Amino acid sequence: MDRNEFERLRDLPGKRIVGDIRLTQRSDISAAWEAKDIAIDNDDGVDVRLTVQIVSETGAKTLNVKVTGIGPICRLEVDSRPHKPAGRSHKHALHTPDCPRENLKRSVIDRGDLNGQSLKAVFDAFCRMAHIVHDGKLIVPPEAAGA
């Protein structure tokens with residue numbers, strides 16, 4: 001996938017996530033809560049999957065998009081580790097066909113406007129940016145949000 005194909009998919013209208021998204025604890029001893037393998041339906045029939053994660057101890061939030069057979073194409077990290085030249089909240093995106101293999105390290109854009117936002121607010125912002133309609137609820141247990 002190249003940048004033009006990525007932008008076409010990102011900007012494609014009519015993308016949907018159907019049903020509730022419920023985060024569960026990764027393991028009994030983990031501070032990470034996640035929902036994995038969430039299908040993003042689209043008119044092009046591309047198998048796009050989303051993972052939503054929050055770390056209760058730090059408040060770090062990650063939304064990772066991958067295309068089956070290609071790898072990661074976009075990742076939004078909020079209140080996470082800084083990635084220069086960006087701060088703790090930033091977006092990684094595909095720019096070259098090599099980016100998925102390199103875990104999207106080439107293009108990091110600061111998203112400081114999302115600092116301190118709840119996972120729900122970050123998820124809603126992500127859906128707006130990617131033109132996705134979510135037909136359901138994002139269910140984040142209080143203990144996942146560090147409450």
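The values are calculated or read from the model by the stated rules, or taken from the named source; none is laboratory data. What you are looking at is a predicted structure, and each value in this text was computed from that prediction instead of being measured. Every residue, glycine among them, receives a Cβ derived from its backbone with ideal geometry; neighbour counts consider all protein chains shown. For the accessible areas, the whole protein counts, side chains as well, though only heavy atoms, and no ligand, DNA or RNA atoms are used. Shrake-Rupley method; radii C 1.70, N 1.55, O 1.52, S 1.80 Å.
Identify all residues within region 112-123 that are in contact (Cβ under 8 Å) with a residue 12 or more places away in the chain and either assigned to a loop (DSSP other than H, G, I, E, B) or surrounded by 13 or more Cβ atoms within 10 Å (Cβ to Cβ) (or both); write none if there are none.
Leu114, Asn115, Gly116, Gln117, Ser118, Leu119, Lys120, Val122, Phe123
Of all residues being in contact with a Leu (Cβ under 6 Å, 6 or more places away or on another chain) and assigned to a strand (DSSP E or B) in region 2-33, which is surrounded by the most Cβ atoms within 10 Å (Cβ to Cβ)? Just the residue, please.
Filtering region 2-33 for residues that are in contact with a Leu (Cβ under 6 Å, 6 or more places away or on another chain) and assigned to a strand (DSSP E or B), the one surrounded by the most Cβ atoms within 10 Å (Cβ to Cβ) comes out as Trp33.
Does Val78 satisfy the criteria of being at pLDDT 95 or above, of a type in the set (A, V, I, L, M) and within 15 Å of Arg10 (Cα to Cα)?
No, not satisfied.
Looking at region 39-50, which of its residues are open to solvent by 20 Å² or more (accessible area, probe 1.4 Å) and in a strand (DSSP E or B)?
Across region 39-50, the qualifying residues are Ala39, Asp41, Arg49.
Could we say that Arg88 is part of a loop (DSSP other than H, G, I, E, B), surrounded by 15 or more Cβ atoms within 10 Å (Cβ to Cβ) and basic (Lys, Arg) here?
Values: part of a loop (DSSP other than H, G, I, E, B): yes; surrounded by 15 or more Cβ atoms within 10 Å (Cβ to Cβ): yes; basic (Lys, Arg): yes.
Taking the combined requirement at face value, the residue satisfies it.
Consider Glu102 carefully, then state whether it is touching a residue at least 40 places away in the same chain (Cβ under 8 Å) and surrounded by fewer than 16 Cβ atoms within 10 Å (Cβ to Cβ).
No, not satisfied.
List every residue pair whose Cβ atoms lie under 8 Å apart, where the two residues are 6 or more positions apart in sequence or sit on different chains, the first residue falls within region 57-84 and is in contact (Cβ under 8 Å) with a residue 24 or more places away in the chain and open to solvent by less than 40 Å² (accessible area, probe 1.4 Å), and the second residue, located anywhere, is of a type in the set (Val, Ile, Thr) and part of a loop (DSSP other than H, G, I, E, B).
Listed by first residue and then by second, the contacts come to Val67/Val46; Asp79/Thr58.
What are the residues in region 132-147 that are at pLDDT 95 or above and touching a helix residue (DSSP H, G or I) at 6+ places or on another chain (Cβ under 9 Å), if any?
Ile132, Val133, His134, Leu138 - these are the residues of region 132-147 that are at pLDDT 95 or above and touching a helix residue (DSSP H, G or I) at 6+ places or on another chain (Cβ under 9 Å).
In region 124-147, what residues are open to solvent by 50 Å² or more (accessible area, probe 1.4 Å), in a helix (DSSP H, G or I) and of a type in the set (A, V, I, L, M)?
Met129
Can we say Val108 is out of contact with any helix residue (DSSP H, G or I) (no Cβ under 9 Å at 6 or more places or on another chain) and either of a type in the set (Asp, Glu) or surrounded by 14 or more Cβ atoms within 10 Å (Cβ to Cβ) (or both)?
Judged against the criteria, Val108 is a match.
Would you call Ala93 under 12 Å from the mean Cα position of the chain (by Cα), at pLDDT 95 or above and open to solvent by less than 20 Å² (accessible area, probe 1.4 Å)?
Answer is no for this residue.
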